Amino acid sequence: MKIHRYLFLSFSFLTLIISGCIGDKEASKQPEISIQLLWNDIKQPIDGFGVAQAGWADELYSHKNREKVMDEMFGPNGLRLNILRGEIFPHYWENKNDKDFNLTDDLEIDLDDPFFEGKSDDRLRRGQLWLTLLAKNKYHVDKLFFSAWSAPAYMKTNGKVSQGELKPECYQEYADYLASFYKAYTSVGLEPYALSPSNEPGYAAPWNSSLWTPEKMGEFITRYLGPTFRRMQIPARIIFGENPLWSAVSPQADFASSLYFTNTILEKYPEIKDFNLIAAGHGYTLPDSYPAPKDSLLTPIVPLELAEKNNIPVWVTEISDINPLDTTINDGLKWASTYHAFLTEANANAFVWWAGAMPTSNNESLIVLNSDRVGYSLTKRYETFGNYTRYIATGSLRIGTQISNPTDSLLVSAYKNEKNYTIVAVNNSSRSIRTGIKPTETGDSGTLISYLTDKNNRWSPQNYSIDKKGQYIVNIPAKCVMTFTGSTK
């Protein structure tokens, strides 16, 4: 009996140990962070994502694999972009008698022709027309918009397309110029969704540029451009803002801040709200020479408050940096965090990168064109941009999320489109994070698909099934962006 009792106690003790180990193992499988979608917590609608080729249309037009590059940006296997930004060139009209927008130019020039050597305004104009036609006709890009860096030189105070200002006596003539551009492009099937009378109006750049104060821009739109569009029944939206900085921490930098610019215009010209507007800004930073601590955030990502209050859509229409070229996942994660911030903190309705494709040794471009005009390479910022652009459908609504045990290392945003949803998670940490995703409170949901981008993957898919608790258990790998798509029943 003693032996049997000893064996029984030993067996019981061993069972307890094994049960404890299994319990610990099962406990370790539980998610450390849970994500609940809040379907009724509706934020901003999403107008889409895009790129600019303004100023670089000639380089893409000259590239011998230009159609493959266009596929990388707009095609179903690429970024699936729905916005393209071009330029209203000041050299369309070079004098009062010039009314041509060069829309009948021959675009089918052999790529070995000497025409493609060097730089010229002619090649830039043809390049923009070529790629805009392709974007519209092949990829059905639904939002073509164009910004003017400068009015034609003869309308300027200095008679040049660089710096200077628009002559006050030319305000109506310039409004007519923009209306004529709209009509000309529309006549060949390229109806502009929106036009901007000035790129970076607070910055007199050494390239095509024109200086505006908020007061002068407010007057021009309210008394000239808006009424001209209304009289001619032009439905295009008018973009205003578009300054280098989104916002500023220094009063001395307000001249370059879109927050300051748009707020000032809306405060001083409240009647401008009667027109079809988009408030826009760029996401650049200023040199450390400005009175701010070194490495401080010189362009805080905040809402364009008055625009949002007045239900005016807010777009990021240009962003990049000029640091030495970095194609690694670290750069991809930096920009994924930036996309996240503009969508969730500035409540941006659209996000447009500068530039789509160009030859460069810095980080201005998503796609780097080789100098041989044949090769090109994709960057990791291109790939992490795709985690947003490919899976967040135009017209989606950003919705709130409830996250247990939130951490600064994991950034999460969510979007719904009828019964479909998209979640984008950015894991900046050096470890995997075990996560439970609950799309609805009732847990009635179908298959979840994830798309992983890290140093070794680009949009790599994986399927998940829902568990008995109505959630999907997902390991989000270290240093990655992971997008999830699904639908409710």
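Under a model in which nothing but the beta-carbon of Lys, Arg (+1) and Asp, Glu (-1) is charged, the chain shows a dipole of about 2040 debye around its Cα centre. Ranking GLY386, LEU225, TYR154 by Cα position along the charge dipole of the chain, where only Lys, Arg, Asp and Glu carry charges on their C-beta atoms, puts GLY386 farthest toward the positive end. Classified by the C-alpha gyration tensor, region 213-364 has a prolate form. Its axis ratio a/c, with a ≥ b ≥ c, is 1.5 or above, and a/b is larger than b/c.
Measuring against 26 Å, Cα to Cα, the residue pairs LYS380/LYS468; LYS160/LYS268; LYS136/LYS160; LYS99/LYS136 contain LYS380/LYS468; LYS160/LYS268; LYS136/LYS160 as the ones spanning a longer distance. Working ranking of peptides 252-263, 455-466, 108-119, 354-365 by packing, defined as the average number of other Cβ atoms within 10 Å per residue, highest first, is 252-263, 354-365, 455-466, 108-119. Using the rule -39500 (n - 2.57) for each DSSP H run of four or more residues, divided by the residues of the chain, the 222 nm mean residue ellipticity is -8500 deg cm²/dmol.
Computed with a 1.4 Å probe over protein heavy atoms only, the accessible surface of the chain comes to 43 Å² per residue. Temperature 20 °C, viscosity 1.002 mPa s: under these conditions the Stokes-Einstein estimate for the chain, based on its Kirkwood radius over C-alpha pairs, is 88 µm² per second. Is the shape of region 111-162 rounded, prolate or oblate, going by the alpha carbon gyration tensor and its root eigenvalues a ≥ b ≥ c, with a/c under 1.5 for rounded and a/b larger than b/c for prolate? Since a/c reaches 1.5 but b/c is at least a/b, the shape of region 111-162 is classed as oblate. Taken along the Cα-to-beta-carbon direction at a fixed 7 Å, the label points for THR440 and LYS268 span 5.2 nm. Here's the list of aspartates and glutamates a cross-link from LYS479 could span, going by alpha-carbon distance under 15 Å and ignoring same-chain residues fewer than 8 apart: ASP331, GLU383, ASP408, ASP454. Near GLY400: Cβ cut-off under 14 Å, other residues only, Lys/Arg at +1 and Asp/Glu at -1. The net charge is +1.
Partners of LYS143 within straight-line reach, counting aspartates and glutamates whose Cα lies under 13 Å from its Cα and excluding those fewer than 8 residues away in the same chain: ASP47, GLU191.
A straight Cα-to-Cα reach below 20 Å connects LYS416 with the lysines LYS43, LYS438, LYS489, residues fewer than 8 places away in its own chain not being considered. Residue-wise HN-Hα couplings along region 120-131, as the Karplus relation 6.51 cos²θ - 1.76 cosθ + 1.60 with θ = phi - 60° gives them from phi, are 7, 5, 4, 5, 5, 5, 5, x, 5, 5, 4, 6 Hz; Gly and Pro carry x. For the listed residue pairs LYS183/LYS273; LYS334/LYS469; LYS119/LYS183, the alpha carbons are over 26 angstrom apart in LYS334/LYS469; LYS119/LYS183. Computed from label points 7 Å out along Cα-Cβ, the spacing between THR394 and LEU38 is 3.0 nm. Taking a ≥ b ≥ c as the square roots of the eigenvalues of the Cα gyration tensor, region 78-156 is classed as oblate, since a/c reaches at least 1.5 and a/b does not exceed b/c. Couplings for region 400-405, taken from phi via the Karplus curve 6.51 cos²θ - 1.76 cosθ + 1.60 with θ = phi - 60°, read x, 9, 10, 10, 7, 6 Hz in order; Gly and Pro are left as x. Computed over protein heavy atoms with a 1.4 Å probe, the carbon and sulfur contribution to the accessible area of the chain reaches 52%. Inter-label distance, VAL188 to THR407: 5.4 nm, where each label sits 7 Å from its Cα along the C-beta direction.
The values are calculated or read from the model by the stated rules, or taken from the named source; none is laboratory data. Quick caveat, the model's predicted, so the values are computed rather than measured. Here the Cβ is made from the backbone with ideal geometry for all residues, glycine too, and neighbour counts use every protein chain on show. Heavy atoms of the whole protein, side chains included, go into the accessibility calculation; ligands, DNA and RNA do not. Shrake-Rupley method; radii C 1.70, N 1.55, O 1.52, S 1.80 Å.
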